[in-house]
Amino acid sequence: KLSRDRMVSWAIELAGLYRPIAEAIACLIRKAEVAHCDETPIVVGKGKKRGEKRYQDGYLWPILAEGIGIAFLYRPTRAWREVASVLKGFSSTLVSDALDAYENYVKENNIRWNQR
């Protein structure tokens, strides 16, 4: 039997190994002609000892482009600055929902926006 804490520890270690791969995929996506972006809420636990964990909300930001793949990037909020960091340097057509943060990013960077 494996404890939950051990499994979580391994998942965190694996995520750390995956991070450079996700960032490389995200860089390729940011160069694509069309990119899709969304944000989905998750609950994040913090703390080292059992029983001392605190939980807070966070967001996974999947970005994807056809023929390239998908990258899931974690950010603590849905604010405009998070959109800017997830899409940094993207200058083509963005497909997303109508979240105000996307609208602000599109206006600031003068890119095309396809709302879904």
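The values are calculated or read from the model by the stated rules, or taken from the named source; none is laboratory data. In this text the structure is predicted, and so the values were computed from the model without any measurement. In this analysis, Cβ positions are derived from the backbone assuming ideal geometry, glycine residues included, and neighbour counts consider all displayed protein chains. These area figures cover heavy atoms from the full protein model, side chains too; ligands, DNA and RNA do not enter into them. Shrake-Rupley method; radii C 1.70, N 1.55, O 1.52, S 1.80 Å.
Here residue 46 is the anchor, and the lysines within straight C-alpha reach of less than 26 Å, apart from those fewer than 8 places off in the same chain, are 1. Size of the chain: Rg and Dmax of its alpha carbons, in Å, are 16.3, 54. Computed over the chain with a Gaussian network model linking Cα atoms closer than 10 Å, the most mobile of 30, 75, 19 is 19. Of interest is the spacing of the C-alpha centroids, which for the range 93-116 and the range 1-78 amounts to 22 Å.
Between beta-carbons, use under 12 Å as the cut-off and find the net charge around residue 98, counting Lys and Arg +1, Asp and Glu -1.
Details: positive: 116; negative: 38, 97, 100, 103.
Spelling it out: positives minus negatives among the neighbours equals -3.
Ignoring any ligand, DNA or RNA, what whole percent of the accessible area of the chain comes from carbon and sulfur when the probe is 1.4 angstrom?
Working: 4370 of 7950 Å².
Accessible surface attributable to carbon and sulfur in the chain totals 55 percent.
The H on the amide N of residue 95, modeled in the peptide plane, is under 5 Å from the matching H of 35, 36, 37, 114, each at least 5 residues off or on a different chain. Computed with a 1.4 Å probe over protein heavy atoms only, the accessible surface of the range 1-59 comes to 81 Å² per residue.
With 0.36 nm allotted per residue and the present C-alpha distance subtracted, the residue 54-residue 17 stretch has 10.9 nm of extension available. Ordered by solvent-accessible area of protein heavy atoms (1.4 Å probe), largest first, the residues 21, 42 come out as 21, 42. Quick check for you: which residues of the range 22-42 have the amide N under 18 Å from the point 7 Å beyond the Cα of residue 77 toward its beta carbon? Of the residues in the range 22-42, 39-42 have backbone N under 18 Å from the label point off residue 77.
Taking 34, 44, 95 in turn, the Gaussian network model of the chain (Cα-Cα springs below 10 Å) assigns the largest fluctuation to 44. Using only Cα atoms, find the angle between the long axis of helix 4-30 and the longest principal axis of the chain, and express it within 0 to 90 degrees, rounded to the nearest 10. Relative to the chain, helix 4-30 is tipped by roughly 20 degrees.
Computed over the chain, the per-residue total of -39500 (n - 2.57) for DSSP H runs of n ≥ 4 gives a 222 nm mean residue ellipticity of -12500 deg cm²/dmol, rounded to 500.
Highest mobility in the GNM of the chain, judged by mean-square fluctuation with C-alpha springs under 10 Å and restricted to 11, 24, 84, is found for 11.
So, for the range 72-116, what is the accessible surface per residue at a probe of 1.4 Å, expressed in square angstrom? Walk me through the numbers on the way to the answer.
Numbers: 2600 Å² over 45 residues.
Accessible surface, normalised per residue, equals 58 Å².
On a 0 to 90° scale, report how tilted helix 100-109 is relative to the longest principal axis of the chain, with both axes built from alpha carbons and the result rounded to the nearest 10. Roughly 50 degrees, rounded to the nearest 10.
Residue 3 exposes around 60 Å² of accessible area when a 1.4 Å probe is run over every protein chain in place.
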